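Asker: Please find one structure pasted underneath; my questions will follow.
The values are calculated or read from the model by the stated rules, or taken from the named source; none is laboratory data. The shown structure was predicted, so the numbers you read here are calculated from the model rather than taken from an experiment. With ideal geometry, Cβ positions are generated from the backbone for all residues, glycine too; neighbour counts draw on all protein chains shown.
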Amino acid sequence: MEKEAPIDLRNTRVRLIRFAIACVIGAVLTFFTIKAMLSSGRGPNHDPIGGSLVWLLAIAIFVVTTMVALNVISKKR
């Protein structure tokens, strides 16, 4: 006798898959944005605070692009 899988009332599996896809899209867009940003301009800033601002901006870009990608993916059809 096979054990039946429980019913997922909150649809968490599909939501997690959508979130994972949105994270991958956000990571790719963040990578190319930071790559383009670092390749143009004066060059890297060598003081500790100025050098960390790029990575703080990268985190912010990742969060925003992931949110936008999740909203686009999650639209009801």
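Asker: Of the conditions (1) modelled with pLDDT of 80 or more; (2) part of a helix (DSSP H, G or I), residue 49 satisfies every one except a single condition; which number is it?
Answerer: Going through (1) modelled with pLDDT of 80 or more; (2) part of a helix (DSSP H, G or I) one by one, residue 49 breaks only (1).
Asker: Please enumerate the residues belonging to the stretch 1-40 that are polar (S, T, N, Q) and either within 16 Å of residue 62 (Cα to Cα) or in a helix (DSSP H, G or I) (or both).
Answerer: Just the residues of the stretch 1-40 that are polar (S, T, N, Q), to begin with: 11-12, 30, 33, 39-40.
Result: 12, 30, 33, 39.
Asker: What pairs can you find where one residue is in the stretch 1-27 and exposed (fewer than 10 other Cβ atoms within 10 Å of the Cβ), the other is at pLDDT 75 or above and basic (Lys, Arg), and their Cβ atoms are less than 6 Å apart, with a gap of 6+ or different chains?
Answerer: none
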